[in-house]
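Q: Structure in structure tokens, see below.
The values are calculated or read from the model by the stated rules, or taken from the named source; none is laboratory data. Being a predicted model, the structure only gives us computed values, none of them experimental. Counting neighbours? That spans all protein chains shown, and the Cβs are built from the backbone with ideal geometry, glycine included. Heavy atoms of the whole protein, side chains included, go into the accessibility calculation; ligands, DNA and RNA do not. Shrake-Rupley method; radii C 1.70, N 1.55, O 1.52, S 1.80 Å.
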Amino acid sequence: MSERLLATAAAFAGGIAACAVFAILALLLWLGLPLWRDPALLISLAGSSWNPAAGEIGLASMAAGTLLLAASALLLAYPCGLLLALSTLGLAPRPLAAAMRTLLALLSGIPTVVYAFVSVWLLVPWLRDSLGLGMGYSWLAAALTLGVMLTPTVALLLSGALSPTFTRLQAAGDALGLSRVQLLLWVVLPAERRALLSALLLSSGRAVGDTLIALMVSGNAIWLPANPTEPLRTLTAHIAITLAADTQSQAYAAIYAASLLLLAYVALVHFLTASLSDESAHRH
Amino acid sequence: MNPRTVIERTVVALSTLLAAAFAGLLLLILGFLLMGAWPALNGRLLFGDAPAWPALSGQVPVWDGLWPALAGSLMLVTLAIGIALPLSIAAGIHQAEYARGRRGRLAYTLVDLLAGMPSIVMGLTGFMLILLLRNILPEANTSLLLAACCVALLVLPYLVQATRVSLHQLPAELRLSAQALGLSQSQAILHVYLPAASPGILSGCILAIGRALEDVAVILLTGVVAETGLPGSLFDKFEALPFFIMVTAAEYRDEAQLARAFAAALLLMSLSALLFATARQLQKRSLS
Amino acid sequence: MHRKPVAAAFSGLLALTISLPVLAADIDVFKGLSGKLDIAGGTAHIPVVQDIARQVSKSNPAIRISVTGGGSGVGVQKVGEGLVDIGSTGRKVSAEEIARYQLKPFHFALDGVAVAVHPSNPVKDISLEQLRDVFSGKTSNWKALGGADAPIHRYGRDEASATREVFVGKVLGKDTAPAAKTTLVSSNGAAKSAIARDKGAIGYLGMGMLDQSIKPLSVGGHAPTQQNALSGDYPIVRGLYFNTKGEPAALPAAFLRYLKTNEGQAIIRNHGYIPAF
């Protein structure tokens, strides 16, 4: 009797957790129906001109903004994260490495809003007044903030992924007379290419999903920046801003499309990561 | 010099430099926040001019103090974890102990997808749901309860994963001995596996609390407001620390309010640091 | 009753109360009422609502007033969907909005939209044509306006803002699109703090929001004062509204009635707006 009860309760809860994704997807698809039915609107969605008053609801600038910001933030966060991961694994002397892990955990625990807040009051004025780089609120400011925020997370992710292989190979490395840096660089990293790639994918998901930093630091102009000192707008920030529109309007409908675009990206990242780990499972 | 040696030395030098830079960054953030918060760090920080005890319980409204935002955040997190925890432990048990084969893999995939979902999309969903619900229940509104449900959904995947992984990592001997003792599967799960997995679940839970505490994008759409005082019921609007920080960063009334936002950032940071320290202690204990 | 300790907290408002002897009874419009009153929308309204919320909580703790911004668009949307009791807007709601949501607007104050720059900026006056060129993106250096040789940093608002709608309507007209490269801020308060921090800034905000931290420009020779806005000399003017869905219920009705009392009008004036009664 209780056997059945627990199994049913667990299956029920599992069902809820699993169905949430479908429910969200279905809701967005259903609410966006007026968009999918109207070919002219669909074409407009793919354009880069956003002027709801004139029936133009192009999301291309925002989609590009999301990709630009995420890519540039990762360009900072990934190499830095990798170097920090290597240093916790063995490049730093042992007591220092333990302190570094604590530091990384502390940094990764700082709330996003705190990073954004410090950026608004420290980085933005510095870029604008001391360096004279435009208005301060810009692609550059957002990319630096997001990059710094992601670095500790990337480092912890990578050090978690690399440490089993490193520990396993350490004795062999010692026997061959390899230094720790040699072992890490020329043996562990090449062996863990897939783990490196899947960590990159995973953190790109976080970079794309960030709302707060983009909203508070990027300037939010609907505009494709010609250089990093200019403002940009991401899909997530666009959703947050456009929520103020009339719920029945085309502009509001466009945020369902923006949400679906974001979900599509998350799904893509997930399946790429999954196929990577599948292949590595086959290999072993 | 051998080019490989050059690379090796550069990597060592760079990684040391970076480590120092990030340690400096932490100090910079702390120092900067402390400096900005200094004028607000006094006895009036939480309650303004209101008397502390009556204000604590909401009998006297607090203006110009952080208490309503802090209390709102704590209530939100407690509710959200209260909703998510039982659900996700059950779902984690389902995935680790019952779900098999393709259906099991599908369940993993969906929960992982939920984990990757941008929080603003989750908030949007909650807001649209309440609009739809109002057709049946005209009294339904954005509120503490709705926000807690949406935040629960946000942290659910972390908790499910923590439960699933902790159960998977139990030593095989434990399972064998439970079976050898003739325990039924439900007895084994409830009385042996779950208690053994609890440190892992607990540390996942603490990370989930941190995630719930810092979220803004979800509550932005589901019931947080700039000013209201302590919520009187689950169906009231509420204030929250991260939202206060975000709003005040853009539009502060006066220097005193801005200093309070700095103090709020410091407070939020200390709360997360405390949570992370606890989680690490638990992880260490569960490993040893 | 927790009147005593709380009352001490609001010395500024207390002074206001003492200076007008008839006021003792004004707050009594809330007497006997209880429950919650949720207000959202226009950001120029926030200081007024916050002040009233404090007054009310002092005399009648059974009433809970929540205040949040978002812009006038949010005000219309939220009150229209019935999610808040009062939606504030910095413009008159359109006939279409009234018809769709059965909105009942309550005009309570007049506000000019000021153009402001950083206090260190030497520019004092700007014509409507120059303003159009700046916000459409044609002019992008302060030199063209008689200032230093430095780029102009434009600050604007998003589409939910009535301040933007009124400003763009009066300055750019229908045919000129606002410059895309404009940093967007989320409220009147945010516009003020952004301009105060940026030496190259120009932006627009409700006159009620002006203070020493930013420098308002006269437009076409007319100083940005509420008197000039009232007389029609200053060209960019809008009304501030509180909207309810249908006839207001007891609590929102008391709130609107309170605005009309001497005390309510004093609060409106105190925040730099001209009462519309």
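Q: Just to be sure I understand the interface: list residues from the range C:26-51 that lose 20 Å² or more of accessible area between the chain on its own and the complete protein assembly, 1.4 Å probe.
A: Residues meeting the cut-off: C:Lys36, C:Asp38, C:Gln50.
Q: Expressed as an acute angle from 0 to 90° and rounded to the nearest 10, what is the orientation of the C-alpha long axis of helix C:250-260 relative to the principal long axis of chain C?
A: Value to nearest ten degrees: 60.
Q: Counting helices only, and only those DSSP H runs with n ≥ 4, report the 222 nm mean residue ellipticity of chain B as the sum of -39,500 (n - 2.57) divided by its residues, in deg cm²/dmol to the nearest 500.
A: Details: 12 runs with 206 residues, N = 288.
That comes out to -24000 deg cm²/dmol.
Q: Once amide H atoms are built 1.01 Å from N in the peptide plane, which residues 5 or more positions from A:Asn51, or in another chain, come under 5 Å H to H?
A: A:Glu56, A:Ile57, A:Gly58
Q: Using each residue's phi in the range C:203-212, evaluate 6.51 cos²θ - 1.76 cosθ + 1.60 at θ = phi - 60° and report the 3J(HN,Hα) Karplus result to the nearest Hz, with x for Gly and Pro.
A: x, 10, 6, x, 4, x, 8, 5, 8, 5
Q: As an exercise, use a Förster radius of 25 Å and the Cβ-Cβ distance of C:Arg269 and C:Ala95 to find the FRET efficiency, rounded to the nearest 0.05. Could you put the intermediate results ahead of the total?
A: Details: r = 31 Å, r/R0 = 1.22.
After rounding, the FRET efficiency stands at 0.25.
Q: Applying 1/(1 + (r/R0)^6) with R0 = 56 Å to the Cβ-Cβ distance of B:Asp254 and A:Leu272, what FRET efficiency is obtained, to the nearest 0.05? Could you put the intermediate results ahead of the total?
A: Numbers: r = 50 Å, r/R0 = 0.89.
It comes to 0.65.
Q: Could you state how much accessible area is buried at the A-C interface, both sides summed, with a 1.4 Å probe, in Å² to the nearest 100?
A: On the way: alone 15380 and 12680 Å², together 26230 Å².
Roughly 1800 Å² of accessible surface disappears when A and C pair.
Q: If I fit a long axis through the Cα atoms of helix C:46-59 and take the longest principal axis of the Cα atoms of chain C, what angle between them do I get, 0 to 90°, rounded to 10?
A: 20
Q: Same structure, new question: Return the sequence-ordered ³J(HN,Hα) values of the range A:2-17 in whole Hz as given by the Karplus equation 6.51 cos²θ - 1.76 cosθ + 1.60 applied to θ = phi - 60°, using x for Gly and Pro.
A: In residue order, the calculated couplings are 5, 4, 4, 4, 5, 4, 5, 4, 5, 5, 4, 5, x, x, 4, 4 Hz.
Q: Can you list the residues of the range C:136-180 with backbone N under 13 Å from a point 7 Å past the Cα of C:Ser127, pointing along Cα to Cβ?
A: C:145-146, by backbone N distance to the label point.
Q: Ignoring everything except DSSP H segments at least 4 long, calculate the 222 nm mean residue ellipticity for chain C; use -39,500 (n - 2.57) per segment, divide by total residues, nearest 500. Display every interim value, and only then the final one.
A: Working: 11 runs with 97 residues, N = 277.
The helix contribution divided over chain C gives -10000 deg cm²/dmol.
Q: All other residues with a Cβ under 10 Å from the Cβ of A:Ala221 taken together, and with Lys, Arg as +1 and Asp, Glu as -1, what is their net charge? Mind dumping the intermediate values first?
A: Working: positive: A:Arg233, C:Arg154, C:Lys181; negative: A:Glu230.
Cβ neighbours under 10 Å give a net charge of +2.
Q: In whole Hz and in residue order, list the ³J(HN,Hα) couplings for the range A:44-50 that follow from phi through the Karplus curve 6.51 cos²θ - 1.76 cosθ + 1.60, θ = phi - 60°; x for Gly and Pro.
A: 4, 4, 7, x, 10, 9, 10
Q: For the range A:129-200, what does the relative contact order come out to in percent, with C-alpha contacts under 8 Å and a separation of six or more? Please list the in-between numbers first.
A: On the way: 21 pairs, mean separation 25.8, N = 72.
Reported as a whole number, the value is 36 percent.
Q: Using a 1.4 angstrom probe on heavy atoms only, work out the carbon and sulfur share of the accessible area of the protein assembly as shown in %.
A: Answer for the protein assembly as shown is 64 percent, counting heavy atoms of protein chains only.
Q: If R₀ is 51 angstrom, what is the calculated FRET efficiency for the pair A:Ser130 and A:Leu33, using the beta carbon separation as r and rounding to 0.05?
A: Numbers: r = 51 Å, r/R0 = 0.99.
Given R0 = 51 Å and the Cβ-Cβ separation, E is 0.50.
Q: Roughly what angle does helix C:188-197 make with the longest principal axis of chain C, taking Cα atoms, 0 to 90 degrees, to the nearest 10?
A: Long axis of C:188-197 versus the principal axis of chain C: about 50 degrees.
Q: Oh, and also: How far apart, in nm, are two points set 7 Å out from the Cα along the Cα-to-Cβ line at B:Asn2 and at A:Ser179?
A: Here the answer is 1.0 nm between the modelled labels.
Q: Give the cross-link partners of C:Lys138 among the lysines, using a straight C-alpha distance below 19 Å as the criterion and excluding same-chain residues fewer than 8 apart.
A: Once the sequence-local lysines are set aside, what remains near C:Lys138 is C:Lys170, C:Lys174, C:Lys181.
Q: With viscosity set to 0.692 mPa s at 37 °C, what whole-number translational diffusion coefficient in µm²/s follows for the protein assembly as shown from Stokes-Einstein and a Kirkwood radius over Cα pairs?
A: Values: Rh = 28.7 Å.
Once the numbers are plugged in, D ends up at 114 µm²/s.
Q: Helix by helix through chain B, keep the DSSP H runs that span 20 Å or more along the axis on Cα and average at least -0.5 on Kyte-Doolittle, and give those back in order.
A: Values: long enough: B:3-37 (50 Å, 1.71); B:67-93 (38 Å, 1.86); B:101-116 (23 Å, 0.17); B:119-133 (21 Å, 2.43); B:144-168 (35 Å, 1.75); B:194-214 (30 Å, 1.16); B:255-287 (48 Å, 0.71).
Answer set is B:3-37, B:67-93, B:101-116, B:119-133, B:144-168, B:194-214, B:255-287.
Q: Mind checking how much accessible area B and A bury in total, 1.4 Å probe, in Å² rounded to 100?
A: Numbers: alone 16710 and 15380 Å², together 25880 Å².
Interface between B and A: roughly 6200 Å².
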